[in-house]
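The values are calculated or read from the model by the stated rules, or taken from the named source; none is laboratory data. Every value quoted in this text rests on a predicted model; they were computed, and no experiment measured them. In this analysis, Cβ positions are derived from the backbone assuming ideal geometry, glycine residues included, and neighbour counts consider all displayed protein chains.
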Amino acid sequence: MSIARDIELLYEVSAFRNVERVWKQFLITDVANNTEHTFRVIWIALTLGKYEGKVNLEKIIKIALIHDFAESRCGDVHYLSRQYAKRNEKMAIEDILEGTMLHDEFIKIFDEYEKRKTKESKIVKDADNLDVQIELSEIAYKGNKLSATWKAHRDRYVYPKLFTKSAKAFWKAFYKANPHDWHLKSPRNRFRAGDWKK
């Protein structure tokens with residue numbers, strides 16, 4: 001292990017923001033890149049973890065950090081391309097972490113996520129799926145009609161695969177939520193507490 005390899009890893013982490021999520025091809029609009037997706041998955045997973053109780057939140061963060069990081073080397077695939085492409089995520093994550101201080105710990109964490117046997121790994125997988133729900137809701141508000149088609153497919157094929165009760169509750173709640181309520185309903189926005197209130 002050397003500082004040089006750890007520095008290379010940190011530069012790869014930085015470059016991860018340039019890896020686009022390929023479902024942009026169908027949605028014909030901007031979607032979160034892999035780093036933005038990971039950031040939101042962390043927050044969703046922490047929220048689900050609090051709802052689920054008796055989980056290791058530090059482990060949840062680490063699993064969420066690594067859950068898609070192999071895509072730095074092998075790229076993302078969407079529901080069509082995965083019928084043709086074969087990726088070796090295990091090889092990719094091994095190569096990414098080889099010779100770094102984080103190798104041993106994060107290889108175990110990556111394997112834990114892939115096996116989906118622990119509560120923490122299931123929560124992160126649920127968070128990964130809920131992130132897509134949030135993004136589909138956001139683009140629906142922009143007028144993208146494909147999100148409605150995907151809603152039916154995801155309700156049929158993805159919803160039954162959710163592991164936690166809280167993820168299932170959030171899934172349904174996202175359909176009723178307005179992506180703009182966080183600022184429209186803020187007690188301190190301009191028309192509630194600011195100069196427009198006068």
Options 163, 191, 106, 170: the member that is among the aromatic types (Phe, Trp, Tyr) and within 30 Å of residue 10 (Cα to Cα): 106
Candidate set: segment 155-197, residues that are among the charged types (D, E, K, R) and either under 21 Å from residue 120 (Cβ atoms) or part of a helix (DSSP H, G or I) (or both); chosen: the one modelled with the lowest pLDDT: 176
Members of segment 131-169 found to be acidic (Asp, Glu) and closer than 13 Å to residue 29 by Cβ, listed by number: 135, 138
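Does residue 130 satisfy the condition of being touching a Phe, Trp or Tyr at 6+ places or on another chain (Cβ under 7 Å), hydrophobic (A, V, I, L, M, F, W, C) and at negative phi?
yes
If you scan segment 43-68, which residues turn out to be more than 16 Å from residue 164 (Cβ to Cβ), hydrophobic (A, V, I, L, M, F, W, C) and either touching a Leu at 6+ places or on another chain (Cβ under 8 Å) or free of Cβ contacts under 8 Å to residues at least 12 places away in the same chain (or both)?
Applying the first criterion (more than 16 Å from residue 164 (Cβ to Cβ)) to segment 43-68 yields 58, 61-62, 65-66, 68.
Filter again for hydrophobic (A, V, I, L, M, F, W, C), leaving 61, 65-66.
61, the sole residue that qualifies.
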Test for residue 152: is it loosely packed, with under 10 Cβ neighbours inside 10 Å, outside any loop (DSSP other than H, G, I, E, B) and of a type in the set (A, V, I, L, M): yes
Residue in segment 58-68 that is part of a helix (DSSP H, G or I) and among the small types (Gly, Ala, Ser) present: yes
Only listed residue being surrounded by fewer than 18 Cβ atoms within 10 Å (Cβ to Cβ), hydroxyl-bearing (Ser, Thr, Tyr) and within 23 Å of residue 170 (Cβ to Cβ), chosen from 11, 79: 79
Criterion (in a helix (DSSP H, G or I), more than 17 Å from the chain's Cα centre (by Cα) and more than 24 Å from residue 158 (Cβ to Cβ)) met by exactly one of 82, 17, 73: 73
Restricting segment 14-35 to residues that are of a type outside the set (A, V, I, L, M, F, W, C) and surrounded by fewer than 15 Cβ atoms within 10 Å (Cβ to Cβ), the residue that is farthest from residue 102 (Cα to Cα): 29
